[in-house]
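Below is one structure, written out as structure tokens, with a few remarks after it.
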Amino acid sequence: MSEDEPCHSRERSASDALSSQKVYKKSSPNNKLTLYLGTRDVIISNKAVDRIQGVVLCEPDYLQNRKIFGQVTLTFRYGREDEEVMGLKFCNEAVMCLAQLYPPHERAPQEPNTPLQDALIKRLGPNAHPFTMDVTHLAPPSVQLVPAKEYSGAPIGTSYDVRAYAADRADEKLHRRSTVRMGIRVVQVPSGAEDLPQGTPPHASAEKPFLLSDGKLKLEASLNKRVYYHGDPVLVNLALHNNSNKTVRRLKAFIVQHVDVCMFSNGKFKNVVAMINCMGRSPIGPGGNLEKTFVLKPVKGATKNWIALEDSYTKANSSLASTVVCNSPEDRNVFAIYVSYYVKVKAFVGAMGGELSVKLPFVLMHSPSEPDPGTTELVVPSEPTPPATPSAPPPAEEQEQNT
């Protein structure tokens, strides 16, 4: 996805009750079609699926007798672009939604306009047309895969874009100059995560007996919560009870990102995204106990395998991918990339004593209040009354650069 530059509206009036609404704008290369969206994130949860609602602006002499069609396209790239030779392509596309934006289809249900659509139509004039498109709840979330070796080609993974074009039929071949494309992101909210706080924090315990000695080694670990937002520290509460005659030489806690690429049977990767050696100055001898809290913070770093990152609107500062789960085996999608996280705590007894470990799964997701990068602020009147000032200049809006 290409980078946006923020810009703010100049229209302000203290006498009117106003509210601010962010807007994204993208024009076709020939500047005949312009697409406006209020958000580029489509949230999918068990409760609801966000609808894609916006406005398309068309030049008056460009449409003639043609129609304006729109589609939501999924692009799944499963290989490096620099390895495509002799016509071989490591990329598949699927149309997730196809709709006639203008004029509305005669059998399409009448959808009420949102306040943002009404405000845009009022400002852009009669050539602005509202539209609504739906995405199925089975759409795989947007995830980007980054190889361990340096790579600067097209993003690998699952990505989406909204396309609008003028044609006589919906199945006509798209032309680059007359098609407007704007990247969007499909975000999954795991079950129960939107109702925070809920459930009990993860807790696990394990015991290890020894063959030729009495007593056991007991390890308990827990997290302070089940769901974390990007940037939150993960607090690991650890309790070790050494009721054996062995000595615990070392303790280690780390966070693992597990990636499952459904298209391939061997497309499973594990990466350590945070690690700390928990041992103090001296080992824990027979009869010793240890209770301590450690702090881990998952971040992107150098890895041996491909790592899953968030499908970002900017090419820099991409964060780790949010948790993506499969609700049931029947919903498993061939284009999906499932991501999960867990904390693993290991106690090393020695070469002959082996090790004892526990796993604590958790959910990593974006904060609901996190702002979208590169936005335009548009002032939307809370009441349909016209402003007291005469014709105000249109708001300055961002122009998304072509990739």
Revision key, fill the gap. Relative contact order in percent for the range 17-157 (Cα pairs under 8 Å, 6+ apart) equals 26
**Study point:** Size of charge dipole - the range 87-209 - debye, nearest 20, with Cβ of Lys, Arg +1 and Asp, Glu -1, no other charges
**Key:** 540
Check your understanding: Which value, in debye to the nearest 20, gives the size of the charge dipole of the range 35-129 about its Cα centre, when Lys and Arg are +1 and Asp and Glu are -1 at the Cβ?
Key -> 300
Point to revise | Built amide H within the under 5 Å cut-off of Ile43, gap 5+ | key: Asp50, Val187
Point to revise | Karplus-derived HN-Hα couplings along the range 127-136 (A = 6.51, B = -1.76, C = 1.60, θ = phi - 60°), whole Hz, x at Gly and Pro | key: 8, 9, 10, x, 8, 9, 10, 10, 10, 5
Practice item. With a 10 Å radius around each residue's Cβ, average the other Cβ atoms per peptide and rank 289-298, 129-138, highest first. Key: 129-138, 289-298
Exercise for review: Determine the distance separating the Cα centre of the range 105-137 from the Cα centre of the range 317-343; give it in Å without decimals.
Suggested key: 32
Review point. Along the range 72-78, what does the Karplus equation 6.51 cos²θ - 1.76 cosθ + 1.60 (θ = phi - 60°) give for ³J(HN,Hα), rounded to whole Hz, x for Gly and Pro?
Key: 9, 10, 9, 10, 10, 9, 10
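Filter Lys216/Lys268; Lys22/Lys300; Lys149/Lys346; Lys304/Lys346; Lys246/Lys344; Lys225/Lys297 down to the pairs with a C-alpha to C-alpha distance above 25 Å, please.
From the list (Lys216/Lys268; Lys22/Lys300; Lys149/Lys346; Lys304/Lys346; Lys246/Lys344; Lys225/Lys297), the Cα-Cα distance tops 25 Å for Lys216/Lys268; Lys22/Lys300; Lys149/Lys346.
Values in this text are rule-based calculations from the coordinates and carry no lab data. Being a predicted model, the structure only gives us computed values, none of them experimental. Cβ: placed from backbone, ideal geometry, glycine included. Neighbour counts: every protein chain shown.
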